Amino acid sequence: MQSTLADAAYRAEGLRAAIEAESNALAYLQLLDPLEEPDGETEIGGWTLSWTSQLLANEENADGYMGGGLYSVWLYEVEATLSRGSRERELTVRRLVWRRTGNPLPF
């Protein structure tokens, strides 16, 4: 009986650690700028996070309601793998990146 409880506690701790690692990886990916770093690898709490990015759409000098735009925008899909030993989890997020490219005072 005690070994069953110990096994359950061990599995629960492993699951908690995996959920925490996934949460940390998603937080990292939310801050990732795929325009600057389209692919890479980092370590987060003993887990390895690797990613590649693919450009889905872009709009140079995106038009606004007043005409020519001040910003260019890019939409990326980031595919990531979180791994530690034989454990592996696939994650996919979309990231919108923008840069100011126009002059707000054209005169």
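In nm, what is the difference between 0.36 nm times the number of residues separating I19 and E79 and their Cα-Cα distance?
Details: separation 60, 0.36 × 60 = 21.60 nm, distance 1.80 nm.
That works out to 19.8 nm of additional length.
Taking amide hydrogens as placed 1.01 Å from N in the peptide plane, the amide H of G102 sits under 5 Å from those of Y71, each at least 5 positions away in sequence or on another chain. Between the Cα long axis of helix 2-31 and the first principal axis of the chain there is an angle of about 10°, rounded to the nearest 10.
Looking at the calculated P(r) for the chain, what percent of the C-alpha pair distances fall above 16 Å?
Values: 3751 of 5671 pairs.
Cα-Cα pairs in the chain separated by more than 16 Å: 66 percent.
On a per residue basis, the chain carries 72 Å² of accessible surface, using protein heavy atoms and a 1.4 Å probe.
The values are calculated or read from the model by the stated rules, or taken from the named source; none is laboratory data. Given the structure is predicted, the values throughout are model-derived calculations rather than measurements. We work out accessible area using only protein heavy atoms, side chains counted, and drop any ligands, DNA or RNA first. Shrake-Rupley method; radii C 1.70, N 1.55, O 1.52, S 1.80 Å.
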